2 protein chains.
Amino acid sequence: MKDRPDDSFHVFDTTLRDGAQREGINLTVADKLTIARHLDDFGVGFIEGGWPGANPRDTEFFDRAQAEIDFKHAQLVAFGATRKAGVKAEDDAQVKALLDSGAPVITLVAKSHDRHVELALRTTLEENLAMVRDTVAYLRSQGRRVFLDCEHFFDGYRANADYAKRVVATAHEAGADVVILCDTNGGMLPGQIDAVVRTVLADTGARLGIHAQDDTGCAVANSLAAVDAGATHVQCTANGYGERVGNANLFPVVAALELKYGRRVLPPGAMEEMTRISHAIAEVVNLTPSTHQPYVGVSAFAHKAGLHASAIKVDPDLYQHIDPERVGNTMRMLVSDMAGRASIELKGKELGIDLGGDRALVQRVVERVKERELAGYTYEAADASFELLLRAEAEGRVRRYFRVESWRAIVETRPDGTHANEATVKLWAKGERIVATAEGNGPVNALDKALRVGLERIYPQLAKMELVDYKVRILEGKHGTESTTRVLVSTADGQGEWSTVGVAENVIDASWQALDDAYAYGLLRAGVEPQE
Amino acid sequence: MKDRPDDSFHVFDTTLRDGAQREGINLTVADKLTIARHLDDFGVGFIEGGWPGANPRDTEFFDRAQAEIDFKHAQLVAFGATRKAGVKAEDDAQVKALLDSGAPVITLVAKSHDRHVELALRTTLEENLAMVRDTVAYLRSQGRRVFLDCEHFFDGYRANADYAKRVVATAHEAGADVVILCDTNGGMLPGQIDAVVRTVLADTGARLGIHAQDDTGCAVANSLAAVDAGATHVQCTANGYGERVGNANLFPVVAALELKYGRRVLPPGAMEEMTRISHAIAEVVNLTPSTHQPYVGVSAFAHKAGLHASAIKVDPDLYQHIDPERVGNTMRMLVSDMAGRASIELKGKELGIDLGGDRALVQRVVERVKERELAGYTYEAADASFELLLRAEAEGRVRRYFRVESWRAIVETRPDGTHANEATVKLWAKGERIVATAEGNGPVNALDKALRVGLERIYPQLAKMELVDYKVRILEGKHGTESTTRVLVSTADGQGEWSTVGVAENVIDASWQALDDAYAYGLLRAGVEPQE
């Protein structure tokens, strides 16, 4: 623990526990360890790793995390429930598992809504308080730092404010360092938070935290409202992952605190890593990063309206509330049917191409883009294809590295159940006619291999290139397999990545186009002169 | 205009104007007309249709909307700018276009940030005020209702509060019915909104509106904060579409007003249509509806944690802030590796299958699901495939309608540039061996057709079935075309839709599996008895 943040404000991450309850997420222990490292890199103070004992994967996670990760900033937190009704804390197996996990900090969840105590726990209000008191005191006696989550707090406060406050006071008096008020069902609005938090603070003297769910679309605002009212501990998840709609999103919450409130809650340099870390975590959980996330989304600083582009040419601050570099993101000019000349010029500059103030050229490019976008192409996500288009217009010719005569892919499942995928390409490169065949695990993979087999002798630079992402989108989706298909491919050569697009009636043809552009761009990047 | 909402509160939608500035949206006039009908069905009071004159598609939209749509609730609004500096309002071509559009309401956008007046408009502060005064007064003299958007208002207020307020006062005095304070760069936080709105209200006496962008993740909260401070007009877009991160999302904003504030701002019955309308608009713009949107997302009331499921068995209100039916959504139990027995039982009930309290069966299903999810299957989005799995476990056998002996698909591009896609399937159905070949616009389409050609004589029910959606997802995407592919297919038979999943090394095999399940489920639905 080399550089622990100031304990006066807690950034508490629960991606690995609450975040994992998002529909579509399924984390292995390895995934959790990777995410924990990313979170520690970012500098959060606390990483709630899971529910050891209740969840075998989580028990393993705590063992391995403490053995394998040398945390620079964060402390590991184990999550679990108060002792069962009628059982002593020291005899409760699940409480024991919390201690056995070895985590220095333990968050206990307790009911604070009388109805839940009666219907879900099926015990008495007094016993529930004893469960809180005993478990907190017991864990403190074992040397652990204890936080207590008051589940359903705001709904509970509305139903029976006295009881809800008694739960807070009980936890505080028993030794819980922070008592977290949870909007578990997510139904609160920011205007309702302030009065509750102020009253609870005044009446109990406890140090308070906030845990907001996003069911009304206000989790970030609710978290900030609680901080404004005196809470000094916020529970969030990366990318807002969580049950139902999700949890308060760590990134806009810390961005508000650091960049708007001017409050240091993360280590120096953390904010500039935010975009990278958001995307890295999305990759681990295997979810496409939300393109429209505040601060870190690919679209967050992407400008489309022609008028916005014109103003940005004068000063980017005219249409951006912060400099994207402060969160590790970049400004992007969108090339679309709304693009005007300013957009194309700025985009050209972004790609390192000087359009030399040639208005006729810029106008031609604007027209080509609108025409192709109408056909289904999207240059917004395929910078390399756009650059090839731009260069073709600027140079007056299309750079060709090879010319395809014909190609064929065969996919079959035989009676014995085995699968076969074979592709043959016939093409011309540097004046030579080449016929190449390859097998693969699918038709596009087989075509890609055949293309490489055919061309690698002539263009050895292809060997370094690897397809790293492949996305298929069916346009006019209402007609299933009879629609237009758009394929976006990302290719890497060890030094960078680029994206290309293909549009056709079927996925194979569309993939072919995207691959063609991918290799053409890769060879351009490698400085190879085109020769058919 | 049969049932216009009370004019005391304005729900003002700008999906067709500001929403269209979202990266990835490209609306035809037909798309705009369809969306306008959906918005009118929902009951918004105002539909800002675009910028006539500046945008030829928009000019056409206004003509056709007024000719073809019989609006039940909404009024059409034309958007545009104040007159150019140094030009009379009545001589400004763009202002004329606003009048020519025929829209009964016009929203003018004006600069209210001194820096923008100087840098972007390149005119004086006084001339800018004259531009506001003259244009508003001129349009009023022509019988139009005028609203004025104060662009960059909050940033402008921070820089030069007096000038910003003068813009508001000028517009108000010239006859603008509502002056809208815009957080154009989206940098505001809810705590900052209240004081500004109250002061402007007190100092100018104007009727105020709010237009929030979502760059800090607080657009919904900012809109509500403004309403709390006295604004009576909110500008939003469907699904939060808009420039950069997006605009304040219409749906959580009206849901907060109607369901939390108890304020009627839409016609009776509108809220129950919200989910349907949100999804319908997403379809028109051809964007996958965000699964995690508040209220209307597919995941908004989807419960994953086993403990949540157990509580929900007792009473759904224990983990839901509202009854999903109030917004036209439904509760869903998720079947995942987190599913416990309660989740499977509730899911079975949801699908109409009585698991008869058979604990061993339920446990077997839990295990099968976890195993398949590990391999890449996702039952969360493929209810029909899950139902087939459940029935197979419950009945002890897999229902087969046909048995595939072998299949083959050939995709080729010939030297003359023509494309060909042909598939042959060999299968057994009702004791008969069938060989069928078909051509299509792609390999999956050709296989689908061959399967139908082969089976339609034996199962005429297949004729009514149509593939209506087809999604491909590459898992472990880091390795391009060599990853596992998951295909989700939606099929309809005129009476309903169902979703199935297939997972394999390549898209063709995965598609085949999803189609196989789709037809098996379709025949099950049609009441056909399985016979191989």
Semi-axes a, b, c in Å (a largest) for the stretch B:402-526, each sqrt of 5 times a Cα gyration tensor eigenvalue, come to 24, 20, 14
On the accessible surface of chain A, probed at 1.4 Å with all protein chains in place, carbon and sulfur together account for a percent value of 47
Relative contact order as a percentage, the stretch A:48-96, C-alpha pairs under 8 Å and 6+ apart, gives 37
In degrees, nearest 10, the alpha-carbon axis of helix B:161-174 is tilted away from the dominant principal axis of the alpha carbons of chain B by 90
Among A:T275, A:Y138, A:Q531, the residue whose Cα sits farthest towards the positive end of the charge dipole of chain A, when +1 is placed on the Cβ of each Lys and Arg and -1 on the Cβ of each Asp and Glu, is A:Q531
Rounded to the nearest 5, the percent of antiparallel DSSP beta bridges in the protein assembly as shown equals 50
Residue by residue through the stretch A:465-472, the couplings from Karplus 6.51 cos²θ - 1.76 cosθ + 1.60 with θ = phi - 60°, in Hz, x for Gly and Pro, are 8, 9, 6, 10, 7, 8, 10, 10
Expressed as a whole number, the average count of other chain Cβ atoms within 10 Å around the Cβ atoms of B:111-124 is 2
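For chain B, what is the relative contact order in percent, using Cα pairs closer than 8 Å and at least 6 residues apart in sequence?
9
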Quick shape check on the stretch A:214-278: root eigenvalues a ≥ b ≥ c of the Cα gyration tensor, a/c under 1.5 is rounded, otherwise prolate if a/b tops b/c, else oblate, and it reads oblate
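Between A and B, buried accessible area summed over both sides at probe 1.4 Å, in Å² to the nearest 100?
Counting protein atoms only, the buried area is about 9100 Å².
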Taking the label point 7 Å from Cα along the Cα-Cβ vector, the copy-to-copy distances for A:Q142, listed from shortest in nm with one decimal, are 7.7
So the angle from the long Cα axis of helix B:443-455 to the longest Cα principal axis of chain B, reported in degrees to the nearest 10, equals 50
Using alpha carbon centers only, the stretch B:61-97 is separated from the stretch B:351-375 by a whole-angstrom value of 59
Kirkwood Rh over alpha-carbon pairs of the protein assembly as shown plugged into Stokes-Einstein at 4 °C, 1.567 mPa s gives a D in µm²/s of 42
Projecting the Cα atoms of B:G24, A:G496, B:G80 onto the charge dipole of the protein assembly as shown, where Lys and Arg contribute +1 and Asp and Glu -1 at Cβ, the residue farthest towards the positive end is A:G496
For A:E405, inter-copy label-point distances (7 Å, Cα→Cβ), nm, shortest first, read 3.7
Between the Cα axis of helix A:274-284 and the main Cα principal axis of chain A, the angle (0 to 90°, nearest 10) is 90
Sorting from shortest, the nanometre distances separating the label point of B:I69 (7 Å past Cα along the line to Cβ) from those of the same residue in the other copies are 5.0
Only helices counted: for chain A, with every DSSP H run of 4 or more residues adding -39500 (n - 2.57) and the sum spread over all residues, [θ] at 222 nm is -12000 deg cm²/dmol
In the structure shown, of B:K32/B:K72; A:K426/B:K426; A:K111/B:K347; A:K32/A:K72; A:K471/B:K464, the pairs separated by more than 19 angstrom at the C-alpha atoms are A:K426/B:K426; A:K111/B:K347; A:K471/B:K464
For the protein assembly as shown, whose charge dipole is built from +1 on Lys and Arg Cβ atoms and -1 on Asp and Glu Cβ atoms, the candidate among B:L334, B:N239, B:S223 with its Cα farthest towards the positive end is B:L334
Rh (Kirkwood, all Cα-Cα pairs) for the stretch B:302-377, Å, reads 12.9
Taking A:E127, A:E350, A:E505, A:E23 and ranking on accessible area (1.4 Å, protein atoms only), highest first, one gets A:E505, A:E350, A:E127, A:E23
Quick calc, the stretch A:22-153, dipole around Cα centre from Cβ unit charges on Lys, Arg (+) and Asp, Glu (-), nearest 20 debye, gives 160
Inter-part gap, Cα centre of the stretch B:402-419 to Cα centre of the stretch B:105-150, in whole angstrom, is 62
Computed Rg/Rh for the stretch B:1-87 (Cα atoms; Rh = Kirkwood radius) stands at 0.99
Magnitude of the Cβ-charge dipole (Lys and Arg +1, Asp and Glu -1) of the protein assembly as shown about the Cα centre, nearest 20 debye, reported as 360
Output for chain A (equivalent-ellipsoid semi-axes, sqrt of 5λ from the C-alpha gyration tensor, Å, descending) is 53, 28, 20
Output for the stretch B:46-130: trypsin sites (Lys or Arg not before Pro) sitting in coil per DSSP, at most 11 other Cβ within 10 Å, listed by number, reads B:R122
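The values are calculated or read from the model by the stated rules, or taken from the named source; none is laboratory data. On a predicted model such as this, the values are computed, not experimentally measured, just so you know. Virtual Cβ from ideal backbone geometry, glycine too; neighbours counted across all protein chains shown. Just so you know, the surface numbers come from the protein's heavy atoms only, side chains and all, with ligands and any DNA or RNA stripped out. Shrake-Rupley method; radii C 1.70, N 1.55, O 1.52, S 1.80 Å.
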